1. Just how large is the dipole of the range 88-141 about the Cα centre, in debye to the nearest 20, putting +1 at every Lys and Arg Cβ and -1 at every Asp and Glu Cβ?
2. Grab the Cα-Cα distance for Ile216 and Asp11, subtract it from 0.36 nm times how many residues apart they are, and report the gain in nm with one decimal.
3. So how far, in whole Å, is the C-alpha centre of the range 358-401 from the one of the range 243-279?
4. Run through the range 106-170 and list the GluC sites (Glu not before Pro) located in a DSSP loop whose Cβ has at most 10 other Cβ atoms within 10 Å.
5. Net charge near Asp343: determine it from the other residues with C-beta under 13 Å of the C-beta of Asp343, scoring Lys and Arg +1 and Asp and Glu -1.
6. Under the rule that an exposed site lies in a DSSP loop and has at most 14 other Cβ atoms within 10 Å, name the longest stretch of the chain with no trypsin sites (Lys or Arg not before Pro) of that kind, not counting the sites themselves.
7. Using only the alpha carbons of the chain, what is the convex hull's orientation-averaged projected area in square nanometres?
8. Please report, as a whole percent, how much of the solvent-accessible surface of the range 1-84 comes from carbon and sulfur atoms (probe radius 1.4 Å).
Amino acid sequence: MAQTRTGPLTDLRVLDVSTVLAGPTTCQILADYGADVIKIEHPTRADSLRGHGAQVDGEGLWWKVVARNKRCIGLYLGSPDGAEIFEKLVSTADVVVENFRPGTLERWGLGYGRLAEINPGIVLCRITGFGQSGPYAGRPAFGTLVEAMSGFAHMTGEADRPPTLPPFGLADSIAGLTGVSAVMMALHHRDRTGEGQQIDLSILEPLASALGPHIITHDQTGHVQSRSGNRSSNNAPRNTYLTSDQHWVAVSSSAESIARRAMELVGRADLTTEPWFDTGAGRAEHADEIDEAMSQWIGELDLETVIAEFAAAEVALAPVYDVAQYVADPQVQAREAVVRVDDQRLGTVAMQNVLFKMSQTPGAIRHTGRSLGADTNALLHEELEISHEKLNELRQDGVIA
């Protein structure tokens with residue numbers, strides 16, 4: 001039995017007509033904090049995320065996470081009957097999130113003008129690779145292409161190796177988080193004015209913004225940031241180092257005081273008196289010397305000792321974890337950052353908890369991602385009062401699932 005919705009967004013209804021991955025991530029977060037999210041999929045061509053990644057007994061595990069807390073219906077918006085049902089849902093909703101190619105909703109007669117006519121307060125969040133305008137607006141795009149174009153891949157990896165792409169949906173995830181912010185800003189405006197609006201969110205632009213000051217640096221100095229492995233052009237020590245028992249650890253020293261304590265810890269206090277040591281950029285220019293000292297000292301000690309010594313010296317260090325080590329970490333467990341959730345098909349499954357803790361209106365995971373059309377009959381019959389006979393007819397015609 002699914003839990004009652006709780007959180008700060010229990011008064012919101014969101015229609016999720018998006019697919020892999022940014023739009024569904026936006027809607028997942030809204031659902032985690034109490035919004036009634038209705039996941040709308042094509043009756044026969046469901047969200048392809050269902051088939052992405054690992055499967056157990058035919059159940060997509062990624063889907064269990066991204067579609068959690070959502071009610072799932074199958075509805076073809078491109079048919080007149082489907083569009084009519086969608087319009088009824090829009091009249092009850094606060095937000096619509098979509099990621100069709102620009103012009104698709106308009107072709108179905110469901111563009112923002114029509115949605116706003118039905119519901120003047122509706123917020124339409126449109127998430128695409130390149131946005132609703134510009135010469136690339138109509139191009140198909142996935143996060144991988146954005147990770148390449150944004151500059152991320154160019155500056156990621158070893159200096160003498162090819163550009164590196166992340167093995168997960170980085171661009172989509174950042175865009176999903178951005179989508180939540182955009183939706184909440186639009187709802188704030190609506191609450192003050194009664195006026196809804198369109199949100200035009202490109203996956204490319206949030207990732208480019210996340211890369212830091214490389215654009216203004218290029219503009220003012222002509223410098224193009226390239227690959228430097230685990231090192232940073234902003235500070236040192238900043239790298240990964242191998243312990244005597246073959247565990248990797250990461251060290252960061254953005255603050256000069258931490259860098260100073262790090263070098264004192266590894267027996268190279270003499271470096272802290274150099275004139276270049278006082279700035280992050282100066283230390284980065286001498287990363288070879290700093291890394292040699294760090295590598296030698298860490299390489300002579302086991303992981304437990306290294307962690308203890310760095311903690312005692314108040315120097316920032318963390319082990320490089322795989323997923324099993326992350327889940328087992330006492331900090332992760334104490335924070336309940338990973339929780340077990342009941343699933344109708346798989347029993348209980350572990351997944352990441354909600355993103356942040358709120359003292360008065362905490363979010364929660366009520367259920368995992370459900371099967372295609374799991375809530376179609378209940379939603380359309382009980383809330384829209386469509387008869388069972390009509391639902392059977394629509395199902396036979398391929399309008400619903």
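The values are calculated or read from the model by the stated rules, or taken from the named source; none is laboratory data. The structure displayed is predicted, hence computed values, not measured ones. Heads up, the Cβs are rebuilt from the backbone with ideal geometry, glycines too, and the neighbour counts pull from every protein chain shown. Ligands, DNA and RNA are excluded from the accessible area calculation, which covers all protein heavy atoms including side chains. Shrake-Rupley method; radii C 1.70, N 1.55, O 1.52, S 1.80 Å.
1. Working: 6 positive and 4 negative charges, 39 e Å.
Magnitude of the dipole: close to 180 debye.
2. Numbers: separation 205, 0.36 × 205 = 73.80 nm, distance 4.15 nm.
Roughly 69.6 nm would be gained on extension.
3. Answer, in whole Å: 57.
4. Details: sites: Glu106, Glu117, Glu147, Glu158; in loops: Glu158.
Listed in order of number, the matching sites amount to none.
5. Working: positive: Lys64, Arg68, Arg340, Arg345, Arg366, Arg370; negative: Asp57, Glu59, Asp342.
Around Asp343, the surrounding residues sum to +3.
6. Working: sites that count: Arg45, Arg335, Arg345, Lys357.
In the chain, the maximal stretch lacking such sites is 46-334.
7. Numbers: hull surface 95.0 nm².
Over all viewing directions, the chain projects a mean Cα-hull area of 23.8 nm².
8. Working: 1600 of 3030 Å².
Carbon-and-sulfur percentage of accessible area, whole number: 53.
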